[in-house]
Every structure is written in C-alpha cells, then in structure tokens.
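All remarks here apply to the structure that follows.
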Amino acid sequence: MKKILIVDDQRDICRLLEVILAQSGRVFSQAQSGEEGVALALAESPDLILMDLMMPGKLDGFEAIRTIRANPQIRQCPIVAMTARMLDASDEERAFAEGAQAYVRKPFMIKDLQELITRLLP
C-alpha cells in the first residue's frame, strides 16, 4: 500500500488530512516541521508528501522541498505544496520552482484533494 507523509505544523489541518486519508484507505505518517518532514521522508521513503509551505523552524516548506529534491534517495517523490496564504501568487511559482508537482490553497475542497491524490498515486 502506498504511503503519504503529511508535513504541517497546524494540528487541525493534520487531523483533517488524517480523516480524509483514513476514509480513503490510505496509509500515512505525519511531521510537524520541515526538519522532521525531511527526516521522515528519508526514513520512510513515502510515495507522496503533502507539504505545508509556512512552518516555523530552520526549514520552512520551501526549504524542505529543496532539501528533499537534493537527496537522490527521495528526490522522485511527488510533493503537493499547501498554504493558507491566499494573495501571494509568488508562493505558487516558488513552490513549483523548488520541485512541487501540485499546489493547494487552504481551505481546500476535500473532493479536490482526494482527486489530486488519486491522480498522483494511481
């Protein structure tokens, strides 16, 4: 079964994503920081990463994506960049430039996220 890594510092978003993934029979793990997300990605080699862009700490989501893309072991893993920032189009451009395959604004439609996950994890 394919595994999804959730990387988000907001507990409410993590819980929502857990419910969505569990209802669709997905296996998942989660991290609350960019540093923890990179470490878990290296340890678990997930099939998909849902990465919040705005997290405190040494690695925000952008830098975590860059770090993942620089590592040959996990660089091919698809990453969905997620953010609650609505008005900054440069975030989307930067997320794609760093290596994200998709970009989702929060709040998101559950059906849209499920369809995106299904498309990235056939």
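Some values worked out for this structure:
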{"read-out": "Top of D52, D91, D12 by mean-square fluctuation, Gaussian network on the chain, Cα under 10 Å", "value": "D12"}
{"read-out": "For the chain, built as a Gaussian network whose Cα springs stay under 10 Å, the top-fluctuating residue of S45, S33, S90", "value": "S90"}
{"read-out": "Prolate/oblate/rounded label for segment 1-51 (Cα gyration tensor, a/c 1.5)", "value": "oblate"}
{"read-out": "Charge sum, other residues only, whose C-beta stays under 13 Å from K3's C-beta, Lys/Arg counted +1 and Asp/Glu -1", "value": "0"}
{"read-out": "Residue of I79, I110, I65 that the Gaussian network model of the chain assigns the largest fluctuation, springs spanning Cα pairs under 10 Å", "value": "I110"}
{"read-out": "The chain - Rg over Rh from alpha carbon coordinates, Kirkwood radius", "value": "0.92"}
{"read-out": "Total formal charge among the other residues, if their Cβ is under 12 angstrom from that of I13, Lys/Arg +1 and Asp/Glu -1", "value": "-2"}
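Each reported figure results from applying straightforward, stated rules to the coordinates on display, with no laboratory input. What you see is a predicted model, and the numbers here were worked out from it, not measured in a lab. For neighbour counting, all protein chains shown are included, and Cβ atoms are generated from backbone atoms with ideal geometry for every residue, glycine included.
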